[in-house]
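Notes for the one structure printed next.
Each value in this text was obtained by applying a stated rule to the coordinates, not by laboratory testing. From a predicted model like this one, the values you see are computed outputs, not experimental measurements. Note: ideal-geometry Cβ built from the backbone for every residue, glycine included; neighbour counts use all protein chains shown.
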Amino acid sequence: MDFTNGWKVKWHSAGRGMTSVFEEIREQISARQAAERYGLEIDRYGKARCAFHSPDTHPSMSFKGNFFRCWSCDAQGDAVKLVTHLFSLKPIQAARRIDADFGLGLFDNQPVKPKTNKQAHEEQFRIEADRTLVNNWQNAERAIFIRLCNISIILNKIKRICGPVDPDTEIEPLFILAIRHLDGVEHCLEILIRSTESEKISNFWDILYFVARLEVSINENFSASGVAS
Ligand SMILES: [Zn+2]
């Protein structure tokens, strides 16, 4: 089956001509590597619970060469197909995702640089977020919703209490933080309340990252301002 829709990019090293990124990924990253990276558990027989049908109580997804196949629902394909399904992405988005997560450098034509500590830390955070999402979407969704509600309550409180009293007083950093991020918090809540399941899943990582960074900023600002949280 062709998942590429004829999408082609120019390979960055000379002499390779036009190669589909989908073919490149298929050659470089096996479905099994993608399954492991994104948190599917592979048992000692080399099988995983199928991501395409559920419940798959007895693991029926197996891996051979660079492909997967489910012996129960007959889903089959390569790493891109698997990631498309896991995160409700379009094939090209899944290809970009794999390209970024495995550092293949197929899209940006940039040589892959060694990671900084911050990037390594973010990557670890991202791997854990992916695993949570793939293995326990219901709990992950609930947890992130509660964290967003808490942030919304705190920021609204800050907005009420810490606002400038008159034009000459210096504006509290906490107040600026609240004003700057309240819209974003509401936007994320809106997505979780009103979007379809697949939209929520494809936005999950961004929301989680936004929430985690905001929690850190709030804590830092609270300690700096000496206000008890
Ligand atoms: Zn299946």
Given charges at Cβ of Lys, Arg, Asp, Glu: the chain dipole, positive-most of S225, T116, I153: T116
Highest-first arrangement of 64-77, 92-105, 183-196, where packing means the average Cβ count within 10 Å: 92-105, 64-77, 183-196
Cα-based convex hull, the range 136-225, per residue volume (Å³, whole number): 88 Å³
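If the viscosity is 1.002 mPa s and the temperature 20 °C, what translational diffusion coefficient in µm²/s does Stokes-Einstein give for the chain when Rh comes from Kirkwood over Cα pairs?
Roughly 106 µm²/s, to the nearest whole number.
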Formal net charge of residues neighbouring Q119 (Cβ-Cβ distance under 11 Å; K, R +1; D, E -1): +2
Bins of 5 Å from zero: percent of alpha-carbon pairs in the range 98-159: 4, 14, 14, 16, 15, 14, 12, 7, 4, 0
For the range 9-113, alpha-carbon Rg over 2.2 N^0.38 Å: 1.13
Extension reserve of the E215-R131 stretch, reckoned as 0.36 nm per residue once the Cα distance is removed: 28.1 nm
Part-to-part distance (alpha-carbon centres) for the range 156-225 and the range 68-125, which is given in Å: 29 Å
HN-Hα J in Hz across the range 141-149 - Karplus 6.51, -1.76, 1.60, θ = phi - 60°, x for Gly and Pro: 5, 4, 4, 6, 5, 5, 4, 5, 4
